[in-house]
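Shown next, in structure tokens, is the structure this report addresses.
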Amino acid sequence: MIADDKILEELKDKELVLFVADEEEISQDDVPFPVVYTGMGKMRMFSALVKWYECRSEGGAPVLLNIGSAGSARYPIGTILNVRSFVNGGSELIFDRIDLPGKGCSVFSGDYFMSTQTFSPEQVKALSQQYDLFDMEAYAAAKFCQMHELPFYCLKAVSDNLDGSLKDWRTILGDIRVQFTALLKKISL
């Protein structure tokens, strides 16, 4: 696990709201923070954020925390990373980038799972040399928070290594869930 203790200290004693694509990544029963399940993809994440924002109670300044899985050719499966740079990559591989202050890694948020089954091996290799992680939601969360001047953090756990060999994603998500639960309990102590 690489999410450093500084990030955990920054999140400690904050009013957190978790935004998670898949219920297998964290359970509301396992953490003392509200969890919003968004579904996979940038549009679903953005839509869930809009709905939450419109229904939230006035007052207070919650910190939004996006947690979830991501692919990486650089880090082993199970590694949890603090993300501070978000790249919007679509099927046309057109980019927009949001960089937050602080130390962390980069995530390329695409429209599809990044692997040699969805992109050519050459594209995967080239993109893997530029970005640390690949997901389908983080950019949308970062963009929404930027638009509404909301504090935002993102922690991603590596679920696959982009080689198309992902055999049992649900089992890997179960392992990631245990890690995220332990990490989030440290924040709430």
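The values are calculated or read from the model by the stated rules, or taken from the named source; none is laboratory data. The model shown is predicted, which means the values in this text are computed figures rather than measured ones. FYI the Cβ positions are ideal-geometry reconstructions off the backbone, even for glycines, and counts take in every protein chain you see. To get the accessible areas, we keep the full protein, side chains included, count just its heavy atoms, and leave off ligands, DNA and RNA. Shrake-Rupley method; radii C 1.70, N 1.55, O 1.52, S 1.80 Å.
So in segment 66-80, with the set limited to residues that are more than 8 Å from the chain's Cα centre (by Cα) and of a type outside the set (S, T, N, Q), which one is surrounded by the fewest Cβ atoms within 10 Å (Cβ to Cβ)?
Going through segment 66-80, the residues more than 8 Å from the chain's Cα centre (by Cα) turn out to be 71-80.
This time we only want the ones that are of a type outside the set (S, T, N, Q), so: 71, 73-78, 80.
Numbers: GLY71: 26, ALA73: 19, ARG74: 15, TYR75: 19, PRO76: 8, ILE77: 16, GLY78: 14, ILE80: 20.
Checked segment 66-80; the qualifying residue surrounded by the fewest Cβ atoms within 10 Å (Cβ to Cβ) is PRO76.
Do the conditions hold for ILE98, that is, is it surrounded by fewer than 20 Cβ atoms within 10 Å (Cβ to Cβ), touching a residue at least 24 places away in the same chain (Cβ under 8 Å) and either farther than 21 Å from LEU183 by Cα or touching a helix residue (DSSP H, G or I) at 6+ places or on another chain (Cβ under 6 Å) (or both)? Give the steps one after another, and end with the answer.
Values: surrounded by fewer than 20 Cβ atoms within 10 Å (Cβ to Cβ): yes; touching a residue at least 24 places away in the same chain (Cβ under 8 Å): yes; either farther than 21 Å from LEU183 by Cα or touching a helix residue (DSSP H, G or I) at 6+ places or on another chain (Cβ under 6 Å) (or both): yes.
In short, yes.
Hey, can you tell me all the residues within segment 1-57 that are modelled with pLDDT of 90 or more, among the hydroxyl-bearing types (Ser, Thr, Tyr) and either at positive phi or open to solvent by 50 Å² or more (accessible area, probe 1.4 Å) (or both)?
Scanning segment 1-57 gives TYR37, SER47, TYR53.
I want to confirm something. Restricting to segment 134-183 and keeping residues that are in contact with a Pro (Cβ under 8 Å, 6 or more places away or on another chain) and surrounded by 20 or more Cβ atoms within 10 Å (Cβ to Cβ), which single residue is nearest to PRO101 (Cα to Cα)?
So, considering only residues that are in contact with a Pro (Cβ under 8 Å, 6 or more places away or on another chain) and surrounded by 20 or more Cβ atoms within 10 Å (Cβ to Cβ), the one nearest to PRO101 (Cα to Cα) is CYS145.
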